[in-house]
1. Which one, Asn169, Thr327, Pro672, is farthest towards the positive end of the dipole of the chain when Lys and Arg carry +1 and Asp and Glu -1 on their Cβ?
2. For the residue pair Ser337 and Lys279, what label-to-label distance in nm results when each label sits 7 Å from Cα along the Cα-to-beta-carbon direction?
3. May I ask you to evaluate 6.51 cos²θ - 1.76 cosθ + 1.60, the Karplus curve with θ = phi - 60°, for each residue of the stretch 116-129 and list the ³J(HN,Hα) values in order in whole Hz, giving x for glycine and proline?
4. Rounded to the nearest 5, what % of the DSSP beta bridges within the chain are antiparallel ones?
5. Hydropathy first: keep DSSP H helices in the chain averaging at least 1.0 on Kyte-Doolittle, then drop any whose Cα extent along the axis falls short of 15 Å, and list what survives.
6. Using a basic spin-label model with each label point 7 Å from the Cα along Cα→Cβ, how many nm lie between Asn391 and Thr615?
7. Provide His140, His30 in ascending order of the number of other Cβ atoms located within 10 Å of each residue's Cβ, fewest first.
8. Once amide H atoms are built 1.01 Å from N in the peptide plane, which residues 5 or more positions from Ile521, or in another chain, come under 5 Å H to H?
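Readers should treat all values here as calculations from the given coordinates under stated rules, not as data from a laboratory. Bear in mind that the values here come from a model prediction, so they are computed numbers and not experimental data. Because the Cβ atoms are built from the backbone with ideal geometry, glycine has one as well, and the counts that use them run over all protein chains shown.
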Amino acid sequence: MYINLQTPIDYLKGVGPNRADLLRKELGIHTYQDLINLFPNRYLDRTRYYKINDLQRNTAEVQIIGVVTGFKELPQKRGKLLVATLKDDTGAMDLVWFRGHKWIRESIKLNTKYVVFGKTNWFNGVFNMPHPEMELLDDHENNLRSAMQPIYPSTEKLTNKGITNRVVNNIMQQLFLETKGKFVETLSEPLLNELKLTSKSEALFNIHFPKNQELLAKAQFRLKFEEFFYIQLQLIMKNLIHKSKIKGFTFENVGNYFNTFFKDLLPFDLTTAQKRVIKEIRADLGSNAQMNRLLQGDVGSGKTIVALMSMLIALDNDFQACLMAPTEILSVQHYNSLYEICKQLNISIKLLTGSSTTLERREIHQSLENGELQILIGTHALLEDKVKFKNLGLAIIDEQHRFGVAQRSKLWKKNTSPPHILIMTATPIPRTLAMSVYGDLDISIIDELPPGRQPVKTVHRYDKNRLKVFRFIKDEIKKGRQVYIVYPLIQESETMDYKDLMDGYASIERDFPKPEYQISIVHGKMKAADKDYEMQRFVRGETQIMVATTVIEVGVNVPNASVIVIESAERFGLSQLHQLRGRVGRGAEQSYCILMTGHKLSNDSKIRLETMTRTNDGFEIAEVDLRLRGPGDIMGTQQSGVLNLRIADVVKDKDILQSARYYAKNILNSDPSLSRPEHKPILNTYKQLSKYKNIWNYIS
Ligand code: ADP
Ligand code: MG
């Protein structure tokens, strides 16, 4: 039969229907190709041979060449122990078996050289190795699997059904025999030369049967590069296709609204980063491609003004704009901060949320459809079918991580032609991760805070020092400041958290008695209207202390609040802590973040607390977070497909990722359709990988 890589795994010698079934179910291996791409998780280094007198009491797994000179049986409490003496030219040690004695005595040849492999123990002045792996030296030398021993991903079921690591290794050898180890090259000649990459065939051979560390490292590099390269190629391609296929509105004019605002109403000088980002957005809006841009900026970096100025450009071109935020409180805040400016510019702006009345809604719907309404701010309510724009030119989404991709595309459909889309997020995503996940979006970054902002001072305090912390809070309140005290809210134990919050509230009421102190409380079990009422009291300065669960996490702006106390800080994730800290440090005063914890802390918690007290840089914090939690957790399950990498790791291999992106970009810049002869291998691989064959046809 003619074998190719799409041949079902059942046909491989040594596999058969039962094993094939297991491989399919347990590891998703259907074809020869799938099996080749089952890369080992790790390797046992069997390039080194130990002498018996080299053994240390703490040496882990070792291999030794020696001969078995004899057996003896030692009676135990239950059953017997089989002990063999293994000798080399430096000494002797014991090999030990608890079971299978008969078979071992029959199969092991005395006074013949073996390679034994296993963990050693030290007992009664002698080293011993229980249940060693043994292989005749002659076989060992002729075997593909002689050097670095690959350990393959497995499952309990596979092992139980006899598909051990060794079996996988054997069928892998069989596969290489049947295919003669020849695999189609997937990268171009120039790329291989420039980066000195090993060929595909060599890389695959060495990933499965490496003779030494160096060859393994080369193979790993090549395969990681390739993996990132094709992800990036697909993302960049998608972006390019998007730009050429999906025409956006071209906003040619920067007109009256924008200029008047810039000249007369801008309350401060823009930071360099804000200017740069506005320029990037302007360039997008002025080209004839639809914008899909992600704007990242730490809390307080001034994204709102960027949003406003972008909307003004849309309005200057006679289009409407909308701004969507994840919560009612945030929408109201945006609305309030933009309302005054819009009034001065004679721009009509409205707010639409879940609490808008039927009458308000009717007016909004009507004025949107006839084009009178220019800017609409709101929550998810904007996505309702009844909300129809006359000509929506720009849609902005704030705090994107609360919205899914599905919602993004829903905004798209609000028009005959898709509006430009700007997504703003204050949860910094490490650049490397952003690249691999959002490679199809363009990214702008505000990496600078407005001037005069004092960085928040962050400290870690243990619960037993609470009185001191309370004294400090009282001093701050005396100076006229306001304080947040935050309790964790974790879904699984909502009732417990609620109790913690209420206990905390009771004790705070005792320590901060009325009428000297006024306290607000906001938590998840309250009705939206009640929450809002309490928030507003705090915003207006009628209460000095806001006791809350993490509902205040995102976006609220109370510049007079100078202290945030985070209770049970060890229970919060890093990005959450950073978001919470962003609630203070918004005014001119020195602000403080106090992380309260108990005494017992896990290692990860210690790292989180240390990171928070060391730095205010959201990107640095995001990098640590990524290392602690892994990319899947950070991005949620939504994008896990992109992150489901076979061999590369966005954290450990970020340099390779960057290089892969660089080359993918370069190649597509110089040859967008990959039609040059030297790019043939790339084109073929891309076509094979790409599910978007129809889109491909469209541009080629
Ligand atoms: P975020 O990026 O978190 O949404 P905001 O847009 O709410 O930040 O801005 C935070 C605060 O900083 C606001 O009070 C805003 O008016 C102010 N601000 C924004 N840009 C500047 C600037 N260039 N100079 C001074 N203050 C600024
Ligand atoms: Mg904001």
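1. It is Asn169, whose Cα lies furthest towards the positive end.
2. 2.4 nm
3. 10, 9, x, 8, 9, 10, 10, 8, 6, x, 10, 7, 9, 10
4. In the chain, DSSP labels about 40 percent of beta bridges as antiparallel.
5. Both cut-offs are met by 303-316.
6. 4.7 nm
7. Lowest to highest Cβ neighbour count: His30, His140.
8. It is Val547, by chain and number.
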